[in-house]
Amino acid sequence: MSRSLSIYARSLIFNALYYANLIVHLIVALPTLVLPYPALRVFIRSYSRTSLWLLRVVCGTKVEWRGTEKIPKGACIVACKHQSAWETFALYAVLNDPVYVLKRELMWIPLFGWFMWKAGLIPIDRSAGMAALARMTARAQKALTCGRPRQLIVFPEGTRRPPGAPPDYKPGIVYLYGKAGVTCVPMALNSGLFWPRRSLLHFPGTVVVEVLDPIPPGLDKDTFFARLREMIETASTRLLHEAESEKKRSGT
């Protein structure tokens with residue numbers, strides 16, 4: 001079997017197993033809708049870890065976590081590069097109690113949306129401008145001060161961007177950082193090389209996620225924005241070059 005045909009076949013198998021895994025977890029977790037949130041968190045983390053295991057076993061796509069010791073123990077903002085659907089579930093495997101900011105339409109999906117509401121995920125209507133940003137920020141502040149330390153995951157570019165694409169950071173992250181008053185943890189990755197956006201194919205290799213030095217609260221907005229963008233883009237570009245060099249060495 002040729003390499004391209006093998007990737008196609010493995011991707012089809014993984015996709016079937018990935019969605020089967022999701023459906024099983026959704027059904028088994030139904031009782032958690034009336035239980036305290038920590039019960040649901042067990043199932044979310046299980047779904048994340050079993051999905052990563054399936055991706056490794058079926059497609060040969062591994063993951064390497066770097067710098068996780070830099071994640072603060074308390075509440076923080078995690079500003080993560082967004083290249084793939086991969087990071088929408090995988091970060092649950094390494095963060096203690098994350099809460100995502102995500103587009104509002106995902107909350108309307110039957111059953112799936114119910115669990116997202118239960119988990120406290122924060123919807124944003126990207127077409128509603130500052131009013132939506134203010135509502136999102138109020139919910140984010142509530143999540144960060146709810147009595148248990150949570151990590152608020154934000155994708156600063158708002159949507160998935162292909163590896164190597166020009167950065168397109170939105171001002172919402174600056175507004176949120178200024179209002180939340182907590183540490184911001186930049187996170188770089190290369191997931192789009194192995195799970196491309198708008199594609200059903202999954203490629204063998206190693207997704208690398210690198211936690212960068214935390215940015216303390218209190219910086220002025222221009223300084224924060226420039227530092228965040230420079231840190232994430234520099235590290236993501238380096239990870240892209242690392243993967244390309246490894247691909248050449250292995251001859252794949």
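The values are calculated or read from the model by the stated rules, or taken from the named source; none is laboratory data. This one's a predicted model, so the numbers in the text were calculated from it and none came from an experiment. Note that each Cβ is placed from the backbone with ideal geometry, even for glycine, and that neighbours are counted across all protein chains shown.
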Considering only residues of region 213-229 that are of a type outside the set (A, V, I, L, M) and in contact with a helix residue (DSSP H, G or I) (Cβ under 7 Å, 6 or more places away or on another chain), which is surrounded by the most Cβ atoms within 10 Å (Cβ to Cβ)? Phe224
Taking region 3-20, which residues are within 10 Å of Cys59 (Cα to Cα) and among the aromatic types (Phe, Trp, Tyr)? Tyr8, Phe14
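Please verify whether Gly178 is touching a helix residue (DSSP H, G or I) at 6+ places or on another chain (Cβ under 7 Å), within 17 Å of Pro123 (Cβ to Cβ) and touching a residue at least 24 places away in the same chain (Cβ under 8 Å), treating the condition exactly as stated. Steps first, please.
Details: touching a helix residue (DSSP H, G or I) at 6+ places or on another chain (Cβ under 7 Å): yes; within 17 Å of Pro123 (Cβ to Cβ): no; touching a residue at least 24 places away in the same chain (Cβ under 8 Å): yes.
No: the conditions fail for Gly178.
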If you take the residues of region 108-134 that are more than 23 Å from Gly147 (Cα to Cα) and in a loop (DSSP other than H, G, I, E, B), which of them is modelled with the lowest pLDDT? Ala128
Closer than 22 Å to Thr68 by Cβ and touching a Phe, Trp or Tyr at 6+ places or on another chain (Cβ under 6 Å) - does that describe any residue in region 164-174? no
Tell me, yes or no, whether region 35-55 has at least one residue that is outside any helix (DSSP H, G or I), modelled with pLDDT under 95 and not polar (S, T, N, Q). yes
Out of the residues in region 130-157 that are under 17 Å from Asn96 (Cα atoms) and among the polar types (S, T, N, Q), state the one that is surrounded by the fewest Cβ atoms within 10 Å (Cβ to Cβ). Thr145
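Please go through region 196-252 and give me each residue that is hydroxyl-bearing (Ser, Thr, Tyr) and not in a helix (DSSP H, G or I), ordered by number. Spell out the reasoning first.
Our first condition is that a residue be hydroxyl-bearing (Ser, Thr, Tyr); within region 196-252, this holds for 199, 206, 223, 234, 236-237, 245, 250, 252.
If the condition is that a residue be hydroxyl-bearing (Ser, Thr, Tyr) and not in a helix (DSSP H, G or I), then Ser199, Thr206, Thr252 are the ones that fit.
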For Ile27, only one of the following conditions fails: (1) within 20 Å of Asn190 (Cα to Cα); (2) surrounded by fewer than 17 Cβ atoms within 10 Å (Cβ to Cβ); (3) touching a Leu at 6+ places or on another chain (Cβ under 9 Å). What is its number? (1)
For region 89-129, how many residues meet the condition of being among the small types (Gly, Ala, Ser), surrounded by 14 or more Cβ atoms within 10 Å (Cβ to Cβ) and without any contact (Cβ under 8 Å) to a residue 40 or more places away in the chain? 1
